[in-house]
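Asks: Below is the structure I would like to discuss, written out as structure tokens.
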Amino acid sequence: MAFGSVLIILCSFVGMAFAAFLQSKLKQVSLHKDSYEDVGEGFVLEGLVNNAEEGNAGGMKAAFQKLRQIYRDIQDGAKAFLFAEYKMCAAFLIVFGFLVMLLVSHVEGEWDFTVGTLTAISFVVGGVTSMASGYLGMMVAVYGNARTTVCATETPDSAAWTASFNCAFRAGGVMGFALTGLALLVLYILMYFYSTVFDYKTDALKLFECVAGFGLGGSSIALFGRVGGGIYTKAADVGADLAGKVVAGIPEDDPRNPATIADNVGDNVGDVAGMGSDLFGSFGEASCAALVIAAQSTDLIEGGWDSLCFPLTISAVGILVCLVTSFVATDVSPVKCEADVEKVLKIQMGLSTLLMTIVMYPLCAMFLPGSVHMGSGAYELACVGALAESSKCVGNAPQAAFFCVSAGLWGGCIIGFVTEYFTSHSYTPVREVARSTETGAATNIIYGLALGYKSTIIPVGILAGIVYISFTFMDMYGVALAALGMLGTLATCLSIDVYGPVCDNAGGIAEMAELPEAVREKTDALDAAGNTTAAIGKGFAIGSAALVALALTSAFVSRSKVLESGVNMLQPITFAFLLIGSMLPYWFSAMTMKSVGLAAMEMVKEVKRQFETIPGLLEGTPGHGPPDHAKCIKISTDASLKEMVAPGLLVMCSPILAGTIFGVQAVVGLLAGGLVSGVQLAISASNTGGAWDNAKKYVEKGELYITVARRHPAAGDPEGGPYTGDFVRGKDGMIETMSVKQKKGSECHKAAVIGDTVGDPLKDTSGPALNILMKLMAIISLVFCDFFMSINNGQGYLNVAREAL
């Protein structure tokens, strides 16, 4: 077996083994801390006082019993939703898999069921692996959230910070390393077995076109996971927010709120399972795009199996790099206070990118030939005269590949840091949004939208630079390598991303279990950093999706030979579908946003009904009946399963109908429009929602001060204010002013909650799902390319002429 194959398989198993090691560390945290010895003197005393003040005679034992019950409820709810969703996904895999087999088998008027069957198998394998990745991530997140809450109860404070951060980060690490290892291993096994059917030396293109079904299956399930999970989580979240904070005037995670369990379930099925499937799809599609493009190069084929598999070795080495850097966050430089959280996460991102860059050059030199022509014909024969200046002629292939991968690596890192700047309340943009709440919700909405639009400038500029650099060095193969470079630190990105919803759940559990305020303060601080890391993860996902979509589009263009007659955007059919493609992200977003709104309305009505019909529930009267969490979970589940179908059909049917009826020129316009429009809308939506969320948290921390006129106390005013009497005037007759801290319940906080509620479906439903729209349309077009070409030589049933104007 070639060295490259050994490296890929070894790194896959190392990644899964390290995930098992991290899981063993999580198991060491017990949820059964009911006794004095288990918890520690300082915490027990404080906890008993707090619980006594609230009339909770059971003390800490009751609090931890409640914590375990909440943990089980969240776990059961998440399992129930994924089971229902995956039943629908399994049916889809069977039906669409048969369609893939049928249509892909029809090539140039003849039937080749070997190609169709193998592509369909790849599709099903990719879909099943994506489902496994989502389920694994969800179970690990649920397993880690209650344990993060328990770790936040330790004493002293520095130990609590270290233990709770490590627990959440390791939970993310289990998913990150297990997913990357599993995805890499399954894809390689698929390639290896298909190489026994097609000789890669003579049929490399056919081999990897069959493998491309793997990316299609992964991305298809990711779409349903992102849309379905996103609708579920935001219907529950928006409903819980509105019913709790706005309608009833109680905290979001108050145990009286019937929607709290559904809200916490949603964090896992949307932000974890959905994100896991999404990034799995990105990995599969980026790898498939690079493999299909590489299969069209005579030099890479003659370089041997290792040269063709080079894209996979990037991901394989990335697992080892991320493994090394993970110890920095948990052992070398652990979190000991609130200020350390964001710093440690930043170091994690920067260090993994730096180490990955260092190891890439020797990897490129080891597996790539010295010179490569990215097309048919050897470099020595094809790259002569003026053709030698073409981007397809690469004189120093290892160096060129290194620059392409590095561009993706550092571009992704910079996009991550820019995203942090626009979504973290440590920086000016989010603080400006928070200050805008002084004049109400309207100005908060205006500032947040402006922030989102502005936040697209640098990421889009960086993506444009990456495309230019990578295309200049290695044509479209370079763009695919840049996408894999951006995903090279995928294990770290997933660790950081899953960390966010785990901390969010931990905070909700702490409040529902009525643990001491000091515990909630820690989980809130971890969650605030988690909101930023989630936005960073979305930035990575969107950036890599744009590059993957472009690489897949290039593979489609090359395979369909559209360039033989020229891709002229002013050609009527191409320009018409460019406009249609640009519209699709807005149509898609409208469908998902409305779905969240409808489900949230049902949730609010149900919560109000329970408050009105269950005696003592809203008032918190001792001995009142329990809230009906199951009914709220059912509302979110039913809404998400029903509403995810239409957006999915929109994305999957658009390229198939365009190619079948109007031909490949229409598909090129559709893909270009969807990519250009989708990437900017996705960045804007995700960052706007993230900024509103952290602006709300900035207010809740008491960091926002507004200047108001000083007044004298009036009769009936509470001691300590606010006062409503006459204005206090200075010696010069001018009204004196003072700075007033804004906290929960203030008018500024209410305005911030409205902004956060509006932003929820933007950042967790529509925005993240748009990157799947870009990728999925492109991979569908590539897989069905031969079928499109079999219809009037790629001109569709309407026989649209392919000649350029």
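The values are calculated or read from the model by the stated rules, or taken from the named source; none is laboratory data. The structure displayed is predicted, hence computed values, not measured ones. Here the Cβ positions follow ideal geometry from the backbone for every residue, glycine too, while neighbour counts run over all protein chains shown. Protein only, heavy atoms only, side chains kept; ligands, DNA and RNA dropped before computing areas. Shrake-Rupley method; radii C 1.70, N 1.55, O 1.52, S 1.80 Å.
Asks: In whole percent, how big is the carbon plus sulfur part of the accessible area of the chain, probe 1.4 Å, protein atoms only?
Replies: Ligands and nucleic acids excluded, carbon and sulfur reach 63 percent.
Asks: With every atom except the alpha carbons ignored, what do you get for Rg and Dmax of the range 99-149, in angstroms?
Replies: 18.7, 62
Asks: Over the heavy atoms of residue 711, what accessible area does a 1.4 Å probe trace out, to the nearest 10 Å²?
Replies: Surface open to solvent at residue 711 totals about 90 Å².
Asks: Within a Cβ distance under 15 Å of residue 221, other residues only, what is the Lys/Arg minus Asp/Glu net charge?
Replies: 0
Asks: What is the Cα coordinate range of the chain on the first, second and third principal axes, sorted by size from largest, in whole angstrom?
Replies: Over the chain, Cα extents along the principal axes are 93, 55, 54 Å.
Asks: Just to verify a number: what accessible area does residue 540 come out at with the full protein assembly present, 1.4 Å probe, Å² rounded to tens?
Replies: Surface accessible to solvent at residue 540 totals approximately 20 Å².
Asks: Could I ask something else about it? Which value in Å is the Kirkwood Rh of the range 377-440 over different Cα pairs?
Replies: Across the range 377-440, the inverse of the average 1/r is 15.8 Å.
Asks: Would you please name the GluC sites (Glu not before Pro) within the range 722-805 that are DSSP coil residues with at most 10 other C-beta atoms within 10 Å of their C-beta?
Replies: Loop-located and lightly packed - 803.
Asks: May I pose another question? To the nearest whole percent, what portion of all C-alpha pairs in the range 329-416 is separated by more than 14 angstrom? Don't skip to the answer; put the middle values down first.
Replies: On the way: 2714 of 3828 pairs.
Taking all Cα-Cα pairs of the range 329-416, the fraction more than 14 Å apart is 71 percent.
Asks: Ok, one more. One-quarter of the Cα convex hull surface for the range 515-658, in nm²?
Replies: Mean projected area for the range 515-658: 13.2 nm², to one decimal.
Asks: Let me ask something additional. Would you please state the base-10 log of I(q)/I(0) at q = 0.31 1/Å for the range 588-640, with intensities from the Debye formula using one equal scatterer on every alpha carbon?
Replies: Treating every Cα as an identical point scatterer, log10 I(q)/I(0) equals -1.14.
Asks: Just subtract the alpha-carbon distance of residue 417 and residue 609 from 0.36 nm times their residue separation and send over the number in nm, one decimal. Don't skip to the end; give the middle numbers.
Replies: Details: separation 192, 0.36 × 192 = 69.12 nm, distance 4.42 nm.
In short, 64.7 nm is gained.
Asks: Right, next: Where does each of 655-661, 188-194 land if you order them by average Cβ count within 10 Å, highest first?
Replies: The packing order, highest mean first, is 655-661, 188-194.
Asks: For a protection proxy built on the mean count of beta-carbon atoms within 10 angstrom, sort 204-213, 622-631, 336-345 highest first, please.
Replies: 204-213, 336-345, 622-631
Asks: If you don't mind, another one. So what does residue 359 come to for accessible area, using a 1.4 Å probe and Å² rounded to 10?
Replies: About 50 Å², rounded to the nearest 10.
Asks: Suppose every Lys and Arg Cβ carries +1 and every Asp and Glu Cβ carries -1, with no other charges. What dipole size does the chain come out with about its Cα centre, to the nearest 20 debye?
Replies: That gives the chain a dipole magnitude of about 520 debye.
Asks: For residue 717 and residue 112, compute 0.36 nm times the residue count separating them, minus their Cα-Cα distance, and round to one decimal in nm.
Replies: Once the chain is fully extended between residue 717 and residue 112, it gains 209.4 nm.
Asks: Rounded to two decimal places and with Rh computed the Kirkwood way over Cα pairs, what is Rg over Rh for the range 420-557?
Replies: 1.10
Asks: Identify all aspartates and glutamates with a Cα-Cα distance to residue 206 below 15 Å; exclude those on the same chain that are fewer than 8 residues away in sequence.
Replies: Within the straight-line limit of under 15 Å, residue 206 reaches these aspartates and glutamates: 108, 112, 786.
Asks: Test of understanding: express the Cα radius of gyration of the range 204-296 as a ratio to 2.2 N^0.38 Å, with N the residue count. Don't jump to the answer; show the numbers that get you there.
Replies: Values: Rg = 19.5 Å, N = 93, 2.2 N^0.38 = 12.3 Å.
Compactness ratio reported: 1.58.
Asks: If you don't mind, another one. Put +1 on the Cβ of each Lys and Arg and -1 on the Cβ of each Asp and Glu in the range 507-604; which of 586, 507, 601 then has its Cα farthest toward the positive end of the dipole?
Replies: It is 586.
Asks: Computed FRET efficiency, Cβ-Cβ of residue 62 and residue 426, R0 41 Å: what is it to the nearest 0.05?
Replies: It comes out at approximately 0.65.
Asks: Given the rule -39500 (n - 2.57) for each run of at least 4 DSSP H residues, summed and divided by the residues of the chain, what is its mean residue ellipticity at 222 nm, to the nearest 500 deg cm²/dmol?
Replies: Mean residue ellipticity, 222 nm, calculated: -25000 deg cm²/dmol.
Asks: Only helices at least 15 Å long along their own axis, judged from Cα atoms, and with Kyte-Doolittle mean hydropathy of 1.6 or greater: name those in the chain from DSSP H.
Replies: Helix filter hits for the chain: 310-327, 457-486, 645-657, 767-783.
Asks: Continuing with the same structure: When the distances between all Cα atoms of the range 619-688 are binned every 5 Å from zero, what whole-number percent does each bin get?
Replies: 3, 12, 12, 13, 13, 12, 9, 7, 6, 5, 3, 3, 2, 1
Asks: Viscosity 1.567 mPa s, temperature 4 °C: give me the Stokes-Einstein translational D for the range 619-757 in µm²/s, with Rh taken as the Kirkwood radius over C-alpha pairs.
Replies: Working: Rh = 21.4 Å.
Once the numbers are plugged in, D ends up at 60 µm²/s.
Asks: OK, next. Regarding the range 266-376, what is the average projected area of its C-alpha convex hull, in nm²?
Replies: Values: hull surface 35.6 nm².
One quarter of the hull surface, i.e. the mean projection, equals 8.9 nm².
Asks: Something else now. Test of understanding: express the Cα radius of gyration of the range 694-801 as a ratio to 2.2 N^0.38 Å, with N the residue count.
Replies: Details: Rg = 29.7 Å, N = 108, 2.2 N^0.38 = 13.0 Å.
It is 2.28.
Asks: Which of the listed residues, 325, 301, 345, is farthest toward the dipole's positive end in the range 295-363, when Lys, Arg count +1 and Asp, Glu count -1 at the beta-carbon?
Replies: Farthest towards the positive pole: 345.
Asks: Also, I was wondering about something else. Pull out the extension gain between residue 2 and residue 743, defined as 0.36 nm times the separation in residues minus the alpha carbon to alpha carbon distance; nm, one decimal.
Replies: 260.5 nm
Asks: Taking 2.2 N^0.38 Å as the expected size of a compact globular protein, what ratio does the Cα radius of gyration of the range 451-519 give against it, to two decimals?
Replies: So the Cα radius of gyration is 1.79 times the expected 2.2 N^0.38 Å.
Asks: Rg to Rh ratio, the range 100-223, alpha-carbon atoms and Kirkwood radius? Mind showing how you got there, number by number?
Replies: Numbers: Rg = 21.1 Å, Rh = 16.9 Å.
Rounded to two decimals, Rg over Rh is 1.25.
Asks: Calculate the length of the line joining the C-alpha centroid of the range 123-183 to that of the range 592-611, in whole Å.
Replies: Here the answer is 30 Å between Cα centres.
Asks: Please report the spacing between the Cα centers of the range 192-239 and the range 63-120 in Å, no decimals.
Replies: Distance between centres, Cα-based: 11 Å.
Asks: Can I ask one more? For the range 647-663 and the range 408-483, write down the distance between their C-alpha centroids in whole Å.
Replies: 30
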